[in-house]
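Data first, discussion second: the structure below is written as C-alpha cells.
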Amino acid sequence: MGASRPVALSPQEADGTTPHAQARRTGRSQMAEGEGRPDGLPWGEREGPRVTVLSVEERRAVSERLLIAGLRAQELAERLAAERAQLAAILASIGDAVLVVDHAGTAVLTNAAYEEMLGHADVAPQDALGAALPTVLWPQQRVAQGESFSMQFALTATDGTQRWFEATGRPILDALPARGVVVIRDITAVSRQRQLQNNFVVLASHELRTPLTLVLGHLQLLLGRLPPPPDHEETRGHATVALRHAQRLAALVGDLMDVTRLETGKLSLTLGPVDLAPLVEQAAQTARNLATGQTVSVSVGAAPVVVTGDAGRLEQVLLNLLTNAIKYAPGPTRIEVRLRRAGDEAAVIEVQDAGPGIAEGDQERLFARFAQVEGAEHAAQGGLGLGLYLCRELITAHGGTISVHSTWGKGTTFTVRLPLRAGDPHASRAETETRER
C-alpha cells in the first residue's frame, strides 16, 4: 500500500462546526438520536420526486372516467360531423347564393349556387350605369359591420352583358368570432320584365291621355247641347253611359301616370295642414254617388284631426278604398268609414265593408303593383291592380302606414295611420262626442 494522501478540510470542518465534527467532539450523533436535517429529510436521504401509489379501486375509477370521457368526445365528434353534413346538404339545396363572411368581410363559407353564380372572386357590385360602388357599400362589407340590409346591384360579365342581383344581409348574432351571412339572388329576368312593364306604363299613359281627353271633352259638349228631357232621352242615355266609362278609363290612366311618377321620383306632394274630418265626409259623399245599393256611413270625432299632408292625395287614397269596397261588396250592404285618434301621436282612418273578404294568402301581396285577387267573387271586377299600390305609396310618402285585416266570408277592413300635425292644439284633448252620418 502506498503512503496516505493528505485530506483537505473545509473551513467548517477545520472549525469543528459540522455535525460529524461536533459528534466526534461531544460524542453525540444527530443521526443516532434521530434528529432531522434542516431540510426536513432524515440524514442519509436525498430529496427527489415523490410518487403517489394508487390502489386498485382508484385505478379502476380513473380508467372508467377516462373511458366515459372518450365516449363522450366520440359522440360529440359524430354529432358535429352529422350537423356539418346536414348544413352542407341544406346549402347545396338552396338555389340562391349563400355567403358567410368574417368580421373583415372575407368569405369563410359559400354554397354551390354561389360558386356557380358568382365564381370564386369577391363580389364587386356596380350601379345601373356600370360604375363600381364604393367598397363600404359592398354587401360583404356591410354585413361584416353588423348591418342588416337589402340592396340591388349589377355585375358585368366578361362578354359585356349586365346582370342584376338582389342581396339580403344579416349579422349572425352571438357568433364568436363575429360573422354575417349574405343571400344573393339573380333577378335579371325579373328586372327585364319590370322594365318592360315600366315602358308599357309610360307608353300607355302618355298615348292614351291625349285622345281620352278629347273623348271626354266631346261627350260633355254633346250632353250640354242636347235639348232638355224628355227630348232625345235615348241619345242622352247613351252619351251618359259613354261619359261614365270614359271617366273610368281616365281614372285608370291617371293611376298609370301616378305609377310613372312614383317610379321616376317625380311624384310631388303639396303639404299643409289638413283637417281629416271634412275630408273623410267629402270622400264618403262622393262614394255615395257611386254606390250601387250600399249604405256609406261616417263616424268622426268632435274635435278636428289635423295632419300634415296633401289634401288631394289623401282624398285620392280614401276614394280608392271606398270604390274598392263598393266594387267588392255589392248589394244592400253597409260600408263604414271611421276616423279617430290613437293617443296624441296618430290619426286612424278605417274603411270597413261586409264583402266576401280576402284570403289570407292574397293579403300578403295585396299592395303590390298589378296585384289581382283571385277567386270567383273577384274575377269579374277588372282593374289594373294599381289602386292599393298607389294607396300604400302615397300613405308612406306622408309618413304613415296602411294595413288590411280580412276574414274570409266576413268582410275587410283597411286601416290608415297618419302622424298628427305637430303643435295641434287638439292633440291632447280627449274625444267626448262622436258624429254619425
**Study point:** Boolean, G169 is assigned by TED's automatic domain parsing to the domain that holds V101 and on the phi > 0 side of the Ramachandran plot
**Key:** no
Point to revise | Looking only at segment 185-220, and only at residues there that are within 30 Å of L99 (Cα to Cα) and out of contact with any strand residue (DSSP E or B) (no Cβ under 7 Å at 6 or more places or on another chain), the one that is surrounded by the most Cβ atoms within 10 Å (Cβ to Cβ) | key: R194
Review point. Restricting the first residue to segment 270-292 and requiring it to be in contact (Cβ under 8 Å) with a residue 12 or more places away in the chain and surrounded by 18 or more Cβ atoms within 10 Å (Cβ to Cβ), which pairs with a second residue that is of a type in the set (G, A, S) and in a helix (DSSP H, G or I) meet a Cβ separation below 6 Å and a spacing of at least six or different chains?
Key: V274/A311
Point to revise | Subset of segment 167-184 that is at pLDDT below 90 and part of a strand (DSSP E or B) - its residue that is surrounded by the fewest Cβ atoms within 10 Å (Cβ to Cβ) | key: I172
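Yes/no per residue for (1) surrounded by fewer than 10 Cβ atoms within 10 Å (Cβ to Cβ); (2) at pLDDT below 80; (3) among the charged types (D, E, K, R); (4) in contact with a Ser or Thr (Cβ under 9 Å, 6 or more places away or on another chain):
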| position | (1), (2), (3), (4) |
| --- | --- |
| G48 | yes, yes, no, no |
| V51 | yes, yes, no, no |
| A61 | no, no, no, no |
| A69 | no, no, no, no |
| L76 | no, no, no, no |
| A81 | no, no, no, no |
| A92 | no, yes, no, no |
| A104 | no, no, no, no |
Exercise for review: Give segment 123-143 a look and list any residue that's closer than 22 Å to T110 by Cβ and in contact with a Phe, Trp or Tyr (Cβ under 9 Å, 6 or more places away or on another chain), or say none.
Suggested key: V123, A124, P125, Q126, L133, L137, W138, P139, R142, V143
Exercise for review: Have a look at A422, A368 and point out the one that is modelled with pLDDT under 90, part of a loop (DSSP other than H, G, I, E, B), among the small types (G, A, S) and closer than 20 Å to T270 by Cα.
Suggested key: A422
Review point. Can you spot a residue in segment 223-245 that is among the polar types (S, T, N, Q) and over 27 Å from L386 (Cα atoms)?
Key: yes
Point to revise | Index of the failed condition, T413 passing every other in (1) modelled with pLDDT under 65; (2) touching an Asp or Glu at 6+ places or on another chain (Cβ under 7 Å); (3) polar (S, T, N, Q) | key: (1)
Check your understanding: Which number in (1) among the acidic types (D, E); (2) within 23 Å of A178 (Cβ to Cβ); (3) in the same structural domain as L176 (by TED's automatic domain parsing); (4) more than 24 Å from the chain's Cα centre (by Cα) marks the one condition that E83 misses?
Key -> (3)
Check your understanding: Just for segment 137-166: of the residues that are hydrophobic (A, V, I, L, M, F, W, C) and in a strand (DSSP E or B), which one is surrounded by the most Cβ atoms within 10 Å (Cβ to Cβ)?
Key -> F165
Review point. Do the conditions hold for D258, that is, is it in contact with a strand residue (DSSP E or B) (Cβ under 9 Å, 6 or more places away or on another chain), charged (D, E, K, R) and surrounded by 13 or more Cβ atoms within 10 Å (Cβ to Cβ)?
Key: no
Review point. Taking segment 323-346 only, how many residues are under 30 Å from the mean Cα position of the chain (by Cα), free of Cβ contacts under 8 Å to residues at least 60 places away in the same chain and at negative phi?
Key: 0
**Study point:** Test set (1) surrounded by 11 or more Cβ atoms within 10 Å (Cβ to Cβ); (2) without any contact (Cβ under 8 Å) to a residue 60 or more places away in the chain; (3) not in a strand (DSSP E or B) - Y114 fails condition number
**Key:** (2)
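The values are calculated or read from the model by the stated rules, or taken from the named source; none is laboratory data. It should be emphasised that the depicted structure is a prediction, and the values quoted were computed from it without experimental measurement. Neighbour counts are summed over all protein chains in view; Cβ atoms, including those assigned to glycine, are modelled from backbone coordinates with ideal geometry.
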